[in-house]
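The values are calculated or read from the model by the stated rules, or taken from the named source; none is laboratory data. Predicted model only: the values in this text are computed from it and were never measured. Please note: Cβ atoms are built from the backbone with ideal geometry, for glycine as well, and neighbour counts cover all protein chains shown. Please note that ligands, DNA and RNA were not included when accessible areas were found on the heavy atoms of the full protein model with its side chains. Shrake-Rupley method; radii C 1.70, N 1.55, O 1.52, S 1.80 Å.
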Amino acid sequence: MKRARLLVAITLGALMTLAGPLDGQGYRARLGTRFSSVAYRGFTLDSIAATDAVTGPGGGFATPDGIAVQCLQGAAFCTYFRPGPDRQGSPLVTTLDLSAWGFGVTGLTVRTKARLGADLGKSDLWPGTDPTVQLLEGYLDYASRWVSVQAGRTNIFNRFGFTGFDGAKVEVRPGTRQLRITAYGGWGLARGVPLPVTSSALNPFDDFQPSERQLVVGGRLGWSVRRFGGTVLYQREVDPGSNDLVSERLAFEGTLHPVPGLTVSGGADYDLSFEHWGTAEGSASYADPAGLLRVTAGGRRYRPRFDLWSIWGMFSPVSYTAVFGSAAVSPVDGIQLRGRAEGYWFDEASASTRFVQVQDDGSRWSVGVTVSRLEKWTFRGDYHVESGAGASSLGWETGVTFEPVPLFAATADVSRLVRPLEYRFSDSEVLSYALRLDARPRNDVRLYAEARRYDETRRRDDAAQFDWDQLRVNLGATVTFGFGADHRGLHPAILRIPDGRRSP
């Protein structure tokens, strides 16, 4: 029943975009469709009797045909992975983004964003296509000089993350725009998806899945003066059935511009439910007004966070601290050199590892160059190295873009990634190469196509070196159309930007 009502709402919205405009009304719609196809070989969990296991080349246990197995002490069977059947996923996703105004109330706008998705492949394995129809946003938006109100399904993105809910948000700007007071609340959506946490599509939660949607309330206080801007955030989530707390957090952010080109920023959040500080960061950046140099230095402390209903918080996740720096310089016009470096270390885990020495720090760095001195051509190359606990990687990528006319571009790229895996039985090397075409036959139409090949080599001491290669194809089209005052008086360059038009 809910899906039927949603389909009716989306159908009515689509009909509104196709209907002729009424006097004083306007609308803007963007319809985007993307199709992807990927084929690869899967794997299947199998087992053999412990008495049938033999000693492998490296001294461990293996199947009689040479595939490494895991044999737990006292278990009657040993488990292993063998090559599975070829699998193919072909997701088709269409997104409608609609804004309409001119209903007799100045400042009132109706906004809707809905997504229709399905996996056309024979394996039906692509994530995110269940349910078929998803309402990403759908709300009434009223804006005046001093206040803004949104009612319906909306989303908020801040340092707490991405929060979606069905409810309302109110922002007040008393006196001047230097002070903004925001309050919001409603029935929350699951983290990272436009679905309630009670949705059947989230069944992997099993017994730990909440039986009711959480209630979300929060607020934001923001102010700005000549060279400083600050924000205080608060958000609380509660299980309405048991009245148990899901999460409660407080955060602070600030940005300072002491001199032209220099920006100092930082922030931190405090978890009131666990009574400890969470993630915090601070950095200083300088950008040369002429665009020849940009440097950044700073540090951060990251602490994983989980809702109180989740079992993962019981595992005492460990925080890490990092310091980083980056620079980008243009010695001559059309050439940019860039580099970045970071070092990090984890807190003490308070776990006993008497016979094992565990690495608790690591580093990563990268360098790159972009050359655009030749007309219509852009060349780029990057090299990166990461060394840390559990796994390391190193690789490079290079690409070239050819733009013969402003409305068409062709890009080719090649990359290589090597991953020595510390806690796994194999190391891997992946070579990727792709060709992408982008075209804009009109200002309001965008077409693109991409084919990408992955060749993966796994170095193992046993017989399980099966093929992991795959080919991915992406096709897409976006059409923007509408009617209203926001189309008049704008420079053509603004109309070519997908999100450049704004409704009143």
Exercise for the section: Would you mind finding the one in ALA14, ALA4 that is modelled with pLDDT under 80, part of a helix (DSSP H, G or I) and surrounded by 10 or more Cβ atoms within 10 Å (Cβ to Cβ)? Expected result: ALA14
Practice task
For segment 76-83, state whether one or more residues are part of a loop (DSSP other than H, G, I, E, B), more than 30 Å from SER148 (Cα to Cα), at pLDDT below 90 and in contact with an Asp or Glu (Cβ under 9 Å, 6 or more places away or on another chain).
Solution key: no
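Kindly indicate whether ALA349 is of a type outside the set (Ser, Thr, Tyr) and surrounded by fewer than 14 Cβ atoms within 10 Å (Cβ to Cβ).
Spelling it out, ALA349 is indeed of a type outside the set (Ser, Thr, Tyr) and surrounded by fewer than 14 Cβ atoms within 10 Å (Cβ to Cβ).
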Fill in the blank from the handout: The condition from (1) in contact (Cβ under 8 Å) with a residue 60 or more places away in the chain; (2) open to solvent by 30 Å² or more (accessible area, probe 1.4 Å) that THR51 misses is numbered (1)
Problem - Exclusive hit being modelled with pLDDT of 95 or more, surrounded by 17 or more Cβ atoms within 10 Å (Cβ to Cβ) and not aromatic (Phe, Trp, Tyr), set GLY254, GLY299, GLY282, GLY278 - result: GLY299
Exercise for the section: From GLY128, GLY102, GLY89, grab the single residue that is under 30 Å from PHE43 (Cβ atoms) and buried (at least 17 other Cβ atoms within 10 Å of the Cβ). Expected result: GLY89
Exercise for the section: Give just the number: which of (1) surrounded by 15 or more Cβ atoms within 10 Å (Cβ to Cβ); (2) of a type in the set (A, V, I, L, M, F, W, C); (3) under 30 Å from ASP333 (Cα atoms) does ALA290 not satisfy? Expected result: (1)
Handout entry: Unique residue being free of Cβ contacts under 8 Å to residues at least 12 places away in the same chain and in a loop (DSSP other than H, G, I, E, B) when the list is GLY192, GLY175
Key = GLY175
Fill in the blank from the handout: When segment 371-392 is checked residue by residue, the ones that are modelled with pLDDT of 90 or more and hydrophobic (A, V, I, L, M, F, W, C) are VAL371, LEU374, TRP377, PHE379, VAL385
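Yes/no per residue for (1) among the polar types (S, T, N, Q); (2) in contact with a strand residue (DSSP E or B) (Cβ under 6 Å, 6 or more places away or on another chain):
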residue: GLY339; (1), (2): no, yes
residue: ASP360; (1), (2): no, yes
residue: SER363; (1), (2): yes, yes
residue: GLY368; (1), (2): no, yes
residue: LYS376; (1), (2): no, yes
residue: ARG380; (1), (2): no, yes
residue: GLY390; (1), (2): no, no
